[in-house]
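Heads up, the thing below is written out as structure tokens.
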Amino acid sequence: MTNTKKSTPAKEAKAITKENPFTDFAKSVWVHSLFTDFDVSLFVSGKHFRLYEKMGAHLCTVNKINGTYFAVWAPNAQQVAVIANFNGWNRESHPLNKRWDASGIWEGFIPHVGKGEVYKYYIKGFDGSDIEKGDPYALRWEHPPQKASIVWDTDYTWKDKSWLTKRPKLNALDQPMSVYELHLGSWQRDPSDPERVLSYGEIAKSLVPYILEMGFTHVELMPIMEYPYYPSWGYQITGYFAASSRHGAPQDLMHLIEELHKNNIAVILDWVPSHFPGDANGLFNFDGTHLFEHADMRKGFHPDWKSYIFNYDRNEVRSFLISNAMFWIDKYHADGLRVDAVASMLYFDFSRTAEEAGTNEYGGSENLGAIQFLKDLNEAIYGQYKGVQTIAEESSTFDGVTRPVYAGGLGFGMKWMMGWMNDTLKYFKNDPINRKFHHHQLTFSMTYAFTENFMLPFSHDEVVHGKSSMIYKMPGDEWQKFANLRTLYAYMFTHPGTKLLFMGNEFAQTNEWNFTESLSWDLLQHAPHAGMQQFVKALNLLYRKEPALYKYNFSYEGFEWINADDADNSVFIYARKSDKAKDTLVIVLNLTPVYRENFRIGIPMKGKWKEIFNTDAEAFYGSGKLNTETLPAENISFNNQKQSIAINIPPLGVVIFKKGV
């Protein structure tokens with residue numbers, strides 16, 4: 001892939017001498033910089049959030065000669081050179097120049113190095129060690145297991161202006177958000193060659209119409225940044241600025257995102273600023289010192305994941321990470337970032353004993369550098385881009401994750417509601433005969449549902465490592481398992497908060513997720529699975545159609561218990577509301593296999609009420625126990641309401657009523 005364009009040294013020297021008499025030709029690296037003094041000042045103060053415009057490899061023209069400018073941060077290195085195909089990986093031929101200031105940046109322009117050139121940095125470390133590293137800012141890397149960087153660009157003619165104009169409204173916190181989480185390498189594979197993962201373009205052709213058909217509003221892509229170890233699923237990154245070459249070129253990923261945008265589907269990217277692997281080509285021990293990670297392994301090493309934790313106290317590291325977040329929003333038009341493992345960032349004693357953990361300067365367990373980094377991150381993103389959301393995967397009791405920074409919070413838009421997920425799955429795993437003893441596992445979430453802006457997740461983490469698939473978490477025979485799962489999803493979609501389902505959950509994948517193979521799409525030839533898929537499709541349609549289910553996603557105005565205490569029947573009744581009374585919905589859950597006829601429920605207002613959704617519909621593989629008649633509210637006080645109606649509740653089912661339809 002080396003640029004084969006010829007230029008004799010004599011001609012080159014003549015041209016260079018005329019235009020730039022200060023260049024040292026012998027080094028074959030010209031003195032050139034994209035950095036201004038202001039850039040350097042921002043970088044070393046932790047406030048440069050567009051480093052991708054300066055660092056890395058940039059195709060450019062200097063003195064009318066095409067080539068590539070290289071810049072890398074290695075303050076403790078004795079020497080840095082570009083080694084590549086074009087120089088036979090010679091460590092001596094193309095040394096970079098260390099800037100005169102204290103920035104620690106090495107840089108230089110190499111003529112005639114073009115797009116597609118494969119390269120690394122040779123670094124003579126602080127301790128004299130010989131190190132070869134990929135470029136932390138490279139826009140593309142080789143296909144694993146090869147690990148070199150590739151000179152590339154992010155040039156692309158975007159055609160999603162209409163979406164970006166609408167995004168601030170459609171991606172707002174008072175709009176429906178139903179997220180489909182997927183792993184690009186195992187959503188679908190080539191039917192003729194199951195070992196081959198699909199390209200970004202191939203995925204676009206099948207994913208976009210599928211998301212449209214199913215009614216999801218968002219897709220969330222598990223990490224698509226370059227990573228060497230496939231079983232890490234992308235959570236052990238080496239190429240933070242590079243789209244994974246497993247599926248194609250950077251522009252191919254841009255095409256996939258553009259096609260989703262053209263169909264009004266938002267794109268969330270999983271982003272991992274919490275840790276990175278000890279891969280020899282990655283960030284670890286970058287210049288012979290602990291440059292990106294803490295030198296104190298009580299703070300710098302994660303024992304569970306055998307990975308290294310960023311040193312958020314270092315200004316240049318914060319500039320690197322925030323620039324990376326901005327890069328994916330800027331260059332790839334991402335509509336949101338789901339920030340992985342936030343709890344592990346906030347506390348030095350995360351997954352450690354007190355004796356094993358470091359402390360902050362005041363002797364506490366909070367990682368003060370990480371806290372400040374997250375605040376800076378969210379202020380930068382929300383200050384620069386309209387309609388973009390950040391979502392914290394955060395499992396601790398840290399206060400104010402979604403509170404604005406100016407009010408003392410971390411500034412995220414949303415936080416995963418891990419407590420709700422755990423309590424709900426524990427409840428549903430119970431045999432229905434025992435659920436009355438665990439009734440308040442479901443009601444408990446409403447005691448804290450509005451303390452943060454919560455997203456309700458059933459993610460990939462719940463269907464791996466022996467946890468079983470969602471359908472096999474459910475008790476009972478086959479019919480009961482599917483009825484339970486439909487009821488679980490209906491409860492999720494009528495509970496306050498935004499929603500996330502992992503791929504395969506929508507049609508009740510029977511196996512645990514296996515990242516090495518496609519989802520079991522052949523299950524859809526069977527009625528229970530086809531019914532489940534139709535059910536989730538209908539549930540998404542209902543969610544998007546009814547403002548009561550999303551208008552007050554994160555506020556108590558949108559929810560009212562009608563009966564939270566009927567443990568003996570395992571029945572739950574609640575109302576969801578918007579800012580208009582006519583939108584009010586009444587939701588009834590029956591968590592036993594008993595069909596309940598003429599069951600009286602309180603209703604919050606007068607009028608005629610009609611069932612608008614029933615999880616037991618035959619189209620969903622249910623038994624067809626529906627309420628087909630319109631029911632006038634009776635002046636019979638019940639459940640602390642002045643009016644009530646008598647309904648039939650299907651076994652292991654959910655019914656939803658609305659007034660005046």
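No value in this document is a laboratory result; all are computed from the given coordinates. In this text the structure is predicted, and so the values were computed from the model without any measurement. Backbone-built Cβ (ideal geometry, glycine too); neighbour counts: all protein chains shown.
Would you mind checking K481/K580; K426/K551; K115/K375; K429/K642; K54/K147 for any pair whose Cα atoms are more than 25 angstrom apart? Over 25 Å Cα-Cα: K481/K580; K426/K551; K115/K375; K429/K642. Would you please give the FRET efficiency between R600 and A407, computed as 1/(1 + (r/R0)^6) with r the Cβ-Cβ distance and R0 = 45 Å, to the nearest 0.05? Using R0 = 45 Å, I get an efficiency of 0.50. P(r) for segment 66-198, from all Cα pairs and a bin width of 5 Å, is 2, 8, 13, 14, 12, 11, 9, 11, 10, 7, 3, 0 %, short bins first.
Using the Cβ of L425 as centre and a radius below 11 Å, the other residues enclosed give a net charge of +2, where K and R count +1 and D and E count -1. For segment 500-597, the alpha-carbon coordinates run over 47, 32, 21 Å along the three principal axes, in decreasing order. Put in line by how crowded their Cβ is, counting other Cβ atoms within 10 Å and starting with the fewest, K537, K481 read K537, K481.
Would segment 9-150 count as rounded, prolate or oblate if I go by the C-alpha gyration tensor, calling it rounded below 1.5 in a/c and otherwise prolate when a/b exceeds b/c, oblate otherwise?
The shape class here is rounded.
Qualifying GluC sites (Glu not before Pro) in segment 333-422, where qualification requires a DSSP coil assignment and no more than 14 other C-beta atoms within 10 Å, comprise E355, E356, E361. Counting neighbouring beta carbons within 10 Å and listing from fewest to most, the residues R298, R314 come out as R298, R314.
Please list, or write none, the aspartates and glutamates whose alpha carbon is within less than 16 Å of the alpha carbon of K467, excluding same-chain residues fewer than 8 places away. Partners found: D423, E512. Measuring max minus min along each principal axis, the C-alpha atoms of segment 566-661 give extents of 33, 29, 23 Å (largest first). The HN-Hα couplings worked out from phi for segment 617-630 by the Karplus form 6.51 cos²θ - 1.76 cosθ + 1.60 (θ = phi - 60°) are 4, 4, 4, 9, 6, x, 8, x, 7, 10, 9, 8, 9, 6 Hz, whole numbers, x standing for Gly and Pro.
Between the amide H of F126 and those of Q78, G288, T289, distances stay under 5 Å, these residues lying 5 or more places away or on another chain, with hydrogens modeled in the peptide plane. Net charge dipole, segment 9-150: roughly 260 debye, given to the nearest 20, about the Cα centre with Cβ charges of +1 for Lys and Arg and -1 for Asp and Glu.
Segment 569-640 and segment 457-527 have Cα centres separated by 25 Å. Ranked from largest, the principal axis spans of the Cα set of segment 154-276 equal 38, 37, 29 Å.
About its Cα centre, the chain has a charge dipole of approximately 1700 debye under the convention of +1 per Lys or Arg Cβ and -1 per Asp or Glu Cβ, with nothing else charged. Normalising by residue count, segment 335-451 has a Cα convex hull of 140 Å³ per residue.
At full extension, S162 and W89 could sit 21.7 nm farther apart than now, given 0.36 nm per residue minus the alpha carbon distance.
Across the options L269, S45, I433, the greatest Cα extent toward the positive end of the charge dipole of the chain (unit charges at beta carbon of Lys, Arg, Asp, Glu) belongs to L269. Across the chain, the volume of the C-alpha convex hull divided among the residues equals 161 Å³ per residue. So if I take the centroid of the Cα atoms in segment 273-328 and the same for segment 97-160, what is the distance between those two points in Å? So the separation of the two Cα centres works out to 18 Å.
For R600, nonlocal amide neighbours, meaning residues 5 or more places apart or on other chains whose placed amide H falls under 5 Å from its own, are I647.
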